[in-house]
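Q: One structure follows; several queries about it will come next.
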Amino acid sequence: MSKLEIKEISDKSLWEKFLLSRNPGTFLQSWNWGETNRLLGFKISRLGFYKGKVLVGITQLIHQPAKRGHHFLIPGGPVIDYGNKNLLKFVTESIGEYVRKEKVWFVRIRPDQPDSEELRTLLINQGFIFAPMHLHGEHTLIIDITKPEEEILKNMRKTTRYLIRKSLNEGFKMRVSKNPEDTDILFDLQKATAKRHRFVGFTKKLFEAQLETFGKDGQSELFICEKEGIPIVAAIIIFYGEKAFYHHSGSSETARSTNASYFTQWQIIKRARELGKKYYDFWGIAPTENPRHRFAGVTTFKKGFGGVRVNWIHAHDLPITPLYWTTHAFETGRRIFRRL
């Protein structure tokens with residue numbers, strides 16, 4: 001019987017070939033997501049798990065030197081067969097040994113797997129605990145866009161379908177850019193959105209990094225909806241595997257009194273179909289129907305486009321030192337305060 005081994009991977013083609021063969025539900029373990037975070041100043045580690053000469057799993061770790069406790073994130077991973085308990089045990093122990101050398105407090109994973117009691121139990125049995133915070137779009141809506149356009153529209157809420165058709169005659173123009181400099185537009189629109197909804201937005205550097213890294217491989221585009229030459233809605237879309245992901249967006253105060261957001265979504269869907277994508281992933285929605293949840297409004301908007309709700313397994317933490325519980329207490333309080 002072949003022995004399990006761990007090796008660092010520096011070959012992008014090897015990494016991507018393995019990941020895409022697993023039909024990933026997200027881009028969060030992609031090589032380019034790692035490079036995006038590297039451009040932001042974070043240390044990236046890419047580990048491969050081998051059985052003999054055969055690659056049977058990968059995991060990309062992103063170092064987070066946070067004040068609340070240094071840790072590693074593994075969003076969308078590890079990418080392994082979770083039904084193989086021996087492999088899961090080896091991967092968990094290997095990750096633990098690897099990160100101890102980096103003197104972090106814990107590791108947070110969010111496997112690219114549907115939520116289930118069975119998987120939660122498997123993780124808990126390996127020493128993981130239910131994380132106090134979510135990690136990257138744990139709840140989403142996914143639309144099958146392989147169907148004819150009229151059928152896609154038919155599966156939407158009646159009001160949404162009407163507003164999309166109405167928007168086509170309201171003078172909106174869509175500009176699609178791959179130029180990182182155009183992220184100024186998205187950044188300004190996101191600031192307006194953040195002010196309205198009282199949240200902390202993402203940095204312009206993150207937007208630039210995504211267009212630079214994913215853009216080189218034709219995997220990202222910036223959609224800018226304009227009226228009379230003035231940008232009113234913008235969004236970065238990631239194209240990875242079979243999916244298009246609605247990753248970051250922003251809109252002006254003016255957009256609220258127009259149908260620009262409906263126009264934008266429809267143009268994105270049509271572009272994804274042109275590129276041969278099978279699914280459109282709305283990325284993040286509220287975990288429940290609670291009308292007081294901070295994502296309740298945007299969830300109602302997204303649900304109007306139809307699609308199927310997908311609940312990925314919630315983030316789990318692997319404590320490395322007792323200091324982890326300081327982070328756990330802090331994040332629990334923050335989650336309650338932010339109504340997450």
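Q: Would you pick out the residues in region 264-301 that are assigned to a helix (DSSP H, G or I), under 21 Å from Phe27 (Cβ atoms) and touching a His at 6+ places or on another chain (Cβ under 9 Å)?
A: Scanning region 264-301 gives a single hit, Val298.
Q: I want to confirm something. Restricting to region 277-326 and keeping residues that are under 19 Å from Pro132 (Cα atoms) and β-branched (Val, Ile, Thr), which single residue is modelled with the lowest pLDDT?
A: Among those residues, the one meeting the criterion is Thr288.
Q: Taking Tyr82 and the conditions (1) farther than 21 Å from Ser21 by Cβ; (2) in a loop (DSSP other than H, G, I, E, B), which numbered condition does it fall short on, given that it satisfies the others?
A: The single condition Tyr82 does not satisfy is (1).
Q: Here are some conditions: (1) touching an Asp or Glu at 6+ places or on another chain (Cβ under 8 Å); (2) of a type in the set (Val, Ile, Thr); (3) in a helix (DSSP H, G or I). Ile142 meets all but one. Which one does it not meet?
A: If we test Ile142 against (1) touching an Asp or Glu at 6+ places or on another chain (Cβ under 8 Å); (2) of a type in the set (Val, Ile, Thr); (3) in a helix (DSSP H, G or I), just (3) comes out false.
Q: When you scan region 21-32, do you find a residue that is surrounded by fewer than 18 Cβ atoms within 10 Å (Cβ to Cβ) and free of Cβ contacts under 8 Å to residues at least 24 places away in the same chain, even just one?
A: yes
Q: Being over 26 Å from Phe239 (Cβ atoms), in contact with a Lys or Arg (Cβ under 8 Å, 6 or more places away or on another chain) and not assigned by TED's automatic domain parsing to the domain that holds Gly215 narrows it down to one of Lys85, Lys51, Lys89, Lys43, so name that one.
A: Lys51
Q: For residues in region 184-222 being hydroxyl-bearing (Ser, Thr, Tyr) and modelled with pLDDT of 95 or more, which is farthest from Ile269 (Cα to Cα)?
A: Only one residue tops the list, namely Thr213.
Q: Restricted to region 44-72, and to residues that are of a type in the set (Ser, Thr, Tyr) and in contact with an Asp or Glu (Cβ under 9 Å, 6 or more places away or on another chain), which residue is surrounded by the most Cβ atoms within 10 Å (Cβ to Cβ)?
A: Ser45
Q: Moving on. Pick from region 243-282 the residues that are among the aromatic types (Phe, Trp, Tyr) and out of contact with any strand residue (DSSP E or B) (no Cβ under 7 Å at 6 or more places or on another chain): which of them is farthest from Ser167 (Cα to Cα)?
A: Trp266
Q: Need the failing condition index for Ile129 against (1) in contact (Cβ under 8 Å) with a residue 24 or more places away in the chain; (2) surrounded by 18 or more Cβ atoms within 10 Å (Cβ to Cβ); (3) out of contact with any Ser or Thr (no Cβ under 8 Å at 6 or more places or on another chain); (4) among the hydrophobic types (A, V, I, L, M, F, W, C), just the number.
A: (2)
The values are calculated or read from the model by the stated rules, or taken from the named source; none is laboratory data. Here the structure is a predicted model, which is why all the values come from computation and not from measurement. Please note: Cβ atoms are built from the backbone with ideal geometry, for glycine as well, and neighbour counts cover all protein chains shown.
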